[in-house]
Amino acid sequence: MTKYLFLFALILLVPLSSQTTDPKKSPSPAHAELTNYGFPIGLLPSPVKNYTVNPLTGDFIVDLGDACKVTLPPDNYLATYSKKITGKIVQGRIAEIKGISVRAFFQWWSITGIRSSGDNLVFEVGVVTAKYPSKNFDESPACEGRRHSAS
């Protein structure tokens, strides 16, 4: 009986999804997972190497394989993604984000949260927020200056 309880507990702790993605496929499982929570796929660059989401806590880890730079619409802000991005995701809200920064007003700012609000996304940088139409993030941006292997 103890053996079965341990196995059951282990199954509960295994993340909801753990996928290796092919950069040629669109959308990747990680990007599709975003849509399950009410977000557009363009919040994550391509490609995503691996990701996990814990269904009980909402904790997630996204592994891009390497750091990444992208230009975000609509105002062409330069954003950097660390090799690993972490946070908590629930329907319509991503919180405690670590690993995404954006350059605005000649300074780098860490994006700490994102909320889905109707047709808009609200980006949180500490106590400051900025609202942009969700449609600006319908496509996943490619990492700039990164070479993809043909494997």
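May I ask you to say which residue of 48, 122 is β-branched (Val, Ile, Thr) and free of Cβ contacts under 8 Å to residues at least 12 places away in the same chain?
Answer to the selection: 122.
Taking segment 82-111 as the search range and keeping residues that are surrounded by 17 or more Cβ atoms within 10 Å (Cβ to Cβ) and touching a Gly at 6+ places or on another chain (Cβ under 6 Å), which one is nearest to residue 54 (Cα to Cα)?
Taking the candidates together, the pick is 89.
Go through segment 58-72 and give me each residue that's surrounded by 15 or more Cβ atoms within 10 Å (Cβ to Cβ), out of contact with any Gly (no Cβ under 8 Å at 6 or more places or on another chain) and in contact (Cβ under 8 Å) with a residue 60 or more places away in the chain.
Within segment 58-72, 64, 68, 70, 72 qualify.
Under 8 Å between Cβ atoms, which residue pairs at least 6 apart in sequence (or on different chains) link something in segment 78-91 that is farther than 10 Å from residue 60 by Cα with a partner that is exposed (fewer than 14 other Cβ atoms within 10 Å of the Cβ) and hydrophobic (A, V, I, L, M, F, W, C)?
Close Cβ pairs satisfying both conditions: 80/67; 80/108; 81/67; 82/67; 83/67.
So for segment 99-106 (the condition being modelled with pLDDT under 95 and more than 19 Å from residue 141 (Cα to Cα)), does at least one residue qualify?
The answer is yes; a qualifying residue exists.
If you take the residues in segment 115-146 that are in a strand (DSSP E or B) and in contact with a helix residue (DSSP H, G or I) (Cβ under 8 Å, 6 or more places away or on another chain), which one is surrounded by the fewest Cβ atoms within 10 Å (Cβ to Cβ)?
120
Could you grab me the full set of residues in segment 41-70 that are of a type in the set (Asp, Glu) and within 10 Å of the chain's Cα centre (by Cα)?
63
For every residue, the table says whether it meets (1) outside any strand (DSSP E or B); (2) farther than 18 Å from residue 39 by Cα; (3) among the β-branched types (Val, Ile, Thr).
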residue	(1), (2), (3)
69	no, yes, no
74	yes, no, no
78	no, yes, no
94	no, no, yes
100	no, no, yes
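The values are calculated or read from the model by the stated rules, or taken from the named source; none is laboratory data. Remember, predicted model here, so these are calculated numbers, not experimental data. Quick reminder, even Gly has a Cβ in these numbers, built from the backbone with ideal geometry, and neighbours come from all protein chains shown.
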